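Below you'll find the structure, written out as structure tokens, and then a few comments.
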Amino acid sequence: MDRGTLLPVVALLLAVCSLRPTSLAETVHCDLQPVDAEVTYVTSRVPEGCVAQVPNATLQVHILFLESSRAVSELELKIQKSTQNGTWPQEVLLVLSANKNVLLRLQAPGIPLNLAFDPKMVIFQGHPGINTTKLPPLTTKSQLLNWADTKGPIASVAELNDPESILLRLDQAPGSPSSCSLEPLMDMGHTLEWKPLTPASVRGCRLEGVPGHKEAHIVRVLPGTQDRPRTVTVKVELRCASGDPDAVLILQGPPYVSWLIDANHNMQIWTTGEYSFKIFPEKNIRGFVLPDTPQGLLGEARRLNASVVASFVELPLASVVSLQARSCDGGLQTSPAPVQTTPPKESCNQELLLSLIQPKCSEGVMTLVLKKDLISTLRCTITSLTFWDPSCQAEDRDEQFVLRSTYSSCGTKVTDNVVSNEVVINLLSSSSPQRKKVHCITTEGLSFQLGLYLSPHFLQASNTIELGQQGFVQVSMSPSIPELMLQLDSCQLDLGPDADTVELIQSQVAKGSCVSLLSPGPGGDMRFSFLLRGYMVPTPTTGTLSCTITLRPRTWSLEVHRTISMRLNIISPGLPARIDKGLVLPAVLGITFGAFLIGALLTAALWYIYSHTREYPRPPP
């Protein structure tokens, strides 16, 4: 090789080598200490869990073991199903096992969900609007798993330590085994993602011997148990008063991880794998080969002329990482442990206490019940509990406080069947009272009707349907109140003990191709149609159509559930029935016309026979 060719090659090699970490990365001195920065993350890795593929199951079971270090915690649980076309189970059973009290906010739109839990440990914020089952007294994890296995095939199990939010997806998990076997440090993949309540430990240090004010933020994502391609979204928020900071963001992870960066300031990016920006997600930029040790990454920050490591964090394999830091000028914001001169006092969790204020209304009375053991768990001491009118005091019973008021006293107001008042709580730990506006719905004076029709015009109601016939159902409320919305949650047709119940609507979703949700009626009446199967063994003669509805005001987050039903006569095609028993008009007309036609044909036949066999008298010769 001649010198003219050799020089460019040497220059290229030097340029490539300059992008690689140097030996300084292993010898840098940096004493990592806690800093004033916050890192939260969403991950699919759980301390223990499993995922199974159960594609043909009519009922799918999911189990969550909630391990909390706090006496009372809040949890947001969201359940989703894929937007893609697929076969879904007729029902989902979710089993919740909690070691401490949990205030649960549940979202499961359009999912036929049955929730099994211990009502002493799990408290809903608002009405869940789903079917619930009380867990039997099970003491061990294996006992609960065995109980759940009798209900249906188990699709997933996860143990979570101090979760703040959970996302459970009901998609099938291709490649998963057909049965669930618990594994430690399990990656739940697409099935489950969760956000821990406690932020990650963030540390920082000053790099000795490096001048300037450049700062480095280092995020190291540790490998998972499954080497599958995935994207980690990194959100960076630096609170800088003046312009963009002189900063570098270093992201290091397994080779199968790419990065999607969303930052509120311009900064230098230094990553493994490939990365892109949220504003240009389709443009991927190739990263670099970075050290996979903490010391190596600190050395990389020094090689990039950073004088301060403003944040350094190591995380399990995550899908979303959020970093918030307050320093943008090269300063190190340490957070030393506070020195306590007196023992800390346990304060009342007023926010959770107020979330328990959920009165109910019935028979002209608004009633609020607070259990004393739950109040004690929140470390609260109630000195008085009243409505807006302070003369309306709560009764102090053995295990609970009970606050009651009629609709015409204690400052209670009723508008469009919505009962309103204000609850005032005086706490020993607070000098000022806590107030909360409360509302509930009363159904007194309202009536709900369930009607079956045999045509889409909804003109004449019927209580009889024929096998193989299409029925049209209307659910209405009278009087109609514009401020209240009517919602159809579920409907079913019970054909008796010798036949399976026909599920028509579950969780506001039509079940099967023979059921269709129709547009509401002129007065907001809920409507749907269904096709009754034409052949059944044994053939049913009666049935009970029942629907569960939800009544919700337009301006308040409240709901009331009611179940209404009607009895139906079921006839087979061609069988006669008495009109007073509900015989449908087409059958009456058919029987009448058939009888007339048979009579006419029989008369004609007899006349024909008579006319051709009759002996006429011979004329005389």
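Set side by side, the residues Asp398, Asp389, Asp373, Asp292 differ, and just one is at pLDDT below 85 and either more than 33 Å from the chain's Cα centre (by Cα) or surrounded by 13 or more Cβ atoms within 10 Å (Cβ to Cβ) (or both), which is Asp398.
Can you name the residue in the stretch 68-94 that is outside any loop (DSSP other than H, G, I, E, B) and farther than 30 Å from Asp373 by Cα and is also modelled with the lowest pLDDT among such residues?
Glu91
Of all residues in the stretch 401-432, those being among the β-branched types (Val, Ile, Thr), touching a helix residue (DSSP H, G or I) at 6+ places or on another chain (Cβ under 9 Å) and open to solvent by 70 Å² or more (accessible area, probe 1.4 Å) number 0. Whether a residue is assigned to a loop (DSSP other than H, G, I, E, B) and open to solvent by 60 Å² or more (accessible area, probe 1.4 Å) was assessed, and Gly224 does not pass this test. Residues in the stretch 369-387 that are at negative phi and not polar (S, T, N, Q): Val369, Leu370, Lys371, Lys372, Asp373, Leu374, Ile375, Leu378, Cys380, Ile382, Leu385, Phe387. Candidates Ser165, Ser181: the one that is closer than 26 Å to Thr43 by Cβ, open to solvent by less than 50 Å² (accessible area, probe 1.4 Å) and among the polar types (S, T, N, Q) is Ser165. On the stretch given as the stretch 47-74, residues that are under 24 Å from Pro223 (Cβ atoms) and under 19 Å from the mean Cα position of the chain (by Cα) total 1. Candidates are the residues of the stretch 242-280 that are aliphatic (A, V, I, L, M) and over 18 Å from Ala216 (Cα atoms); the one that is surrounded by the most Cβ atoms within 10 Å (Cβ to Cβ) is Val257.
A quick yes/no check of all residues on (1) touching a strand residue (DSSP E or B) at 6+ places or on another chain (Cβ under 6 Å); (2) part of a loop (DSSP other than H, G, I, E, B):
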site	(1), (2)
Gln143	no, no
Gly152	yes, yes
Ala158	yes, no
Ala173	yes, yes
Gly204	yes, no
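For the stretch 442-480, taking the residues that are open to solvent by less than 20 Å² (accessible area, probe 1.4 Å) and part of a loop (DSSP other than H, G, I, E, B), the one that is farthest from Asn421 (Cα to Cα) is identified as Leu467.
Every residue, every condition in (1) at pLDDT 90 or above; (2) part of a helix (DSSP H, G or I); (3) among the hydroxyl-bearing types (Ser, Thr, Tyr), yes or no:
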{"site": "Val16", "(1), (2), (3)": "no, yes, no"}
{"site": "Ala25", "(1), (2), (3)": "no, yes, no"}
{"site": "Pro47", "(1), (2), (3)": "yes, no, no"}
{"site": "Cys50", "(1), (2), (3)": "yes, no, no"}
{"site": "Asn56", "(1), (2), (3)": "no, no, no"}
{"site": "Val61", "(1), (2), (3)": "yes, no, no"}
{"site": "Leu66", "(1), (2), (3)": "yes, no, no"}
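For the subset of the stretch 95-120 comprising residues that are among the polar types (S, T, N, Q) and closer than 24 Å to Asn146 by Cβ, which member is modelled with the lowest pLDDT? By that ranking, first place goes to Asn114.
The values are calculated or read from the model by the stated rules, or taken from the named source; none is laboratory data. Nothing here was measured: the structure is a model prediction, and the numbers come from that model. Glycine also receives a Cβ, built like all others from the backbone with ideal geometry; neighbour counts cover every protein chain displayed. Just so you know, the surface numbers come from the protein's heavy atoms only, side chains and all, with ligands and any DNA or RNA stripped out. Shrake-Rupley method; radii C 1.70, N 1.55, O 1.52, S 1.80 Å.
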